[in-house]
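Report on one structure; see the data block that follows.
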Amino acid sequence: MRFTSIASGSSGNCTYIGSDNTHILIDAGVSKKRIEEGLNGLDLTLSDIDAIFVTHEHVDHIAALHTILKKYDIPIYATNGTIEGIRNSDKKCEMINSQFIPVQVDKEVSVGDMILNPMTISHDANEPCGYRVYCGGKKIGVATDLGCYTDYTVESLKGCDALLLEANHDVRMLQTGPYPYQLKRRILGDLGHLSNEKSGELLCKLLHDNIKGIFLGHLSKENNLPELAFETVRVEVEMGDNPYHGNDFKIMVAERSTLSPVLQF
């Protein structure tokens, strides 16, 4: 399996997961051109993509869907709430009649040699979800855009061989930054985004001896820094109630607009 981020940040998100036989994207929130460039870096094209799984209907997760669907007959999987949200937000009605395939949280769906299992996340969207992807005895978890995590989140992501976890903002940068009060309140709320500290806390509950790598994703351009996100999460692991040290694992910040390193296993 290969696992990487084509783009990750508050301005757009797209994740690639693939085996020898099956290739999927999770979200398509950057331009079609940017997605094609990322896939080219993996020696792939959009013609190779078997499915796109959408986490929720916010534009930084669906921006390229309409242009992709114009040219490619790629199945789009999402929850019913997300499908409704996409269609309601489609001002030009370009996706109204597209063939979306509904998924339900905690119910598995197969694509090629992969099994995907959506999980509930806490975010201010219609019916948002994260995804767990299984293939060849391996498990990958993708969980961004969650304002908080619960025991359910931890149980859902336990045992992953690799993870993409949100580390959206530094709380102090957000609080003292230029955002309006209501937007700050939204981001900090339980339906907003996970801070660096909370991301590190969650990671501490998910670490195990055989985990191959962790991407920190969906960083805010205005309220975070890659170095700050990395160091905050590393310190949380170092100081947390777990047997590990911060440098025991490959922790990487997903690139905002270029292909990240590829985890292969």
Check: Is there a residue being modelled with pLDDT under 95, of a type outside the set (F, W, Y) and closer than 29 Å to S19 by Cα anywhere in the range 107-116?
Finding: no
Checklist line | Tally, over the range 39-57, of residues that are crowded, with 20+ Cβ neighbours inside 10 Å and among the hydrophobic types (A, V, I, L, M, F, W, C) | finding: 5
Next item on the list: Please enumerate the residues belonging to the range 230-250 that are out of contact with any Cys (no Cβ under 6 Å at 6 or more places or on another chain), part of a loop (DSSP other than H, G, I, E, B) and open to solvent by less than 50 Å² (accessible area, probe 1.4 Å).
Entry: Y244, G246, F249
Next item on the list: Need at least 1 residues that are touching a Leu at 6+ places or on another chain (Cβ under 8 Å), open to solvent by less than 20 Å² (accessible area, probe 1.4 Å) and closer than 18 Å to M119 by Cβ per element, so show me which helices (runs of 4 or more DSSP H) inside the range 131-213 make the cut, counting only ones lying wholly within it.
Entry: 151-157, 196-204
Next item on the list: Enumerate the pairs (first residue in the range 127-143 and of a type in the set (D, E); second residue anywhere and surrounded by fewer than 18 Cβ atoms within 10 Å (Cβ to Cβ) and assigned to a strand (DSSP E or B)) with beta-carbon separation below 9 Å, excluding pairs fewer than 6 apart on the same chain, so at least 6 apart or on different chains.
Entry: E127/T120
Note to self: With the structure loaded, tell me whether I86 is surrounded by fewer than 17 Cβ atoms within 10 Å (Cβ to Cβ) and of a type in the set (A, V, I, L, M, F, W, C) or whether it fails that test.
What the structure shows: no
Item checked: Tally of residues being free of Cβ contacts under 8 Å to residues at least 40 places away in the same chain and either open to solvent by 20 Å² or more (accessible area, probe 1.4 Å) or over 24 Å from L219 (Cβ atoms) (or both) across the range 58-77 -> 12
Item checked: Close pairs (6 angstrom Cβ cut-off, 6 or more residues apart or separate chains): at positive phi in the range 152-165, open to solvent by 10 Å² or more (accessible area, probe 1.4 Å) and outside any helix (DSSP H, G or I) anywhere -> G159/K139
Checklist line | Out of D113, D90, sole residue that is among the acidic types (D, E) and closer than 17 Å to D27 by Cβ | finding: D90
Notebook entry, point to check: Going by the structure shown, is E36 closer than 23 Å to P118 by Cβ, in contact with a helix residue (DSSP H, G or I) (Cβ under 8 Å, 6 or more places away or on another chain), open to solvent by 20 Å² or more (accessible area, probe 1.4 Å) and not β-branched (V, I, T)?
Noted result: no
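The values are calculated or read from the model by the stated rules, or taken from the named source; none is laboratory data. Computed from a predicted model, the values in this text were never measured in an experiment. When we count neighbours, we look across all protein chains shown, and the Cβ atoms used for this are built from the backbone with ideal geometry, even at glycine. We work out accessible area using only protein heavy atoms, side chains counted, and drop any ligands, DNA or RNA first. Shrake-Rupley method; radii C 1.70, N 1.55, O 1.52, S 1.80 Å.
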